[in-house]
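Taking it in order: structure first as structure tokens, then the write-up.
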Amino acid sequence: MGSRVSREDFEWVYTDQPHADRRQEILAKYPEIKSLMKPDSNLIWIIIMMVITQLVAFYLVKDLDWKWVIFWAYVFGSCINHSMTLAIHEISHNFAFGHHKALWNRWFGMFANLPIGVPYSISFKRYHMDHHRYLGADGIDVDIPTDFEGWFFCTTFRKFIWVILQPLFYAFRPLLINPKPISYLEIINTVAQITFDIIVYYFLGIKSLVYMLAASLLGLGLHPISGHFIAEHYMFLKGHETYSYYGPLNLLTFNVGYHNEHHDFPNVPGKNLPLVRKIAAEYYDNLPHYNSWVRVLYDFVMDDSISPYSRMKRHPKGKEVLE
């Protein structure tokens, strides 16, 4: 693919949100799905154990040679930290304590954030709700790449670099597309995270700190689990905006691969999304889906017809209510 492209290379559409109609139709036919819309208390204990696991790993790597610090950061820590970002995704939907204890979820999200090394949880919550309400909306949904990303990362090599740098683009893209005033919870999230990082450095040393940060950078970049970033909404088939993944890595990612199901029913926790698919099988079994996130990454990099522009965009209607 050449570099003479522009923002019009996005797939612009003028339809309403694609998941609302299917949600209404499924609920009319299968009202029992409403019983799946409840908190998942198991999240609390799973996340606590994940945090403890990384704390133990911080201790175990503190005296290793640097090559082994980086090795274990990629082989082990990256899986835990990427999984933790998806635990935070679950928390952002209030699945840990329920909607009636929304603030408890925010505090618990900050706790889950600690092993990641950079403040993330509160800001993710604010922007992720926009992603669900206004999927693909220009200037609102920060999951959509910037014009520069689509223009520059258009060759095989550049797309490979883009995949490696995905965590940086996800971190800075909101500031360019849809900056929001800083909230008091974001300040608390930042102070708590920096304090935790200082404690790790003071008591365990630089290698533990590097392990933590490298695990996040590597785990969210060129990593099998990172295939979900591209698999979820990049159009490998024209007209199909959201794709599910039904492979084994769902076991590590709180079933985020069930992405059509998730957007249809964002009030259903990841644990119950396979049940949604089972109950309403005729709505999901014939939709295009993936069984390998590694293959998604490979196809994205190698296929000249796919780039960061391979997304649907919507013109905002002017009635959006933002946080």
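The values are calculated or read from the model by the stated rules, or taken from the named source; none is laboratory data. Because the structure is a prediction, the values reported are computed rather than measured. Here the Cβ is made from the backbone with ideal geometry for all residues, glycine too, and neighbour counts use every protein chain on show.
For the reader, a short list of remarks on this structure follows.
- Leading residue by the ranking (nearest to the chain's Cα centre (by Cα)) among those in region 251-278 that are within 18 Å of SER92 (Cβ to Cβ) and polar (S, T, N, Q): THR253
- Of all the residues in region 95-141, those that are at pLDDT below 95 and of a type in the set (Val, Ile, Thr) number 1.
- Condition check for THR242: among the hydroxyl-bearing types (Ser, Thr, Tyr) and surrounded by 15 or more Cβ atoms within 10 Å (Cβ to Cβ): yes
- Some residue of region 146-167 being modelled with pLDDT of 95 or more, within 20 Å of ASN94 (Cα to Cα) and of a type in the set (S, T, N, Q): no
- Within region 74-118, the set of residues being within 24 Å of ALA215 (Cα to Cα) and not in a helix (DSSP H, G or I) comprises GLY117, VAL118.
- Any chance LYS159 is in contact with a helix residue (DSSP H, G or I) (Cβ under 7 Å, 6 or more places away or on another chain), of a type in the set (Lys, Arg) and more than 28 Å from SER305 (Cβ to Cβ): no
- Scan region 147-176 for residues that are among the hydrophobic types (A, V, I, L, M, F, W, C) and within 20 Å of SER121 (Cβ to Cβ) and the total you get is 5.
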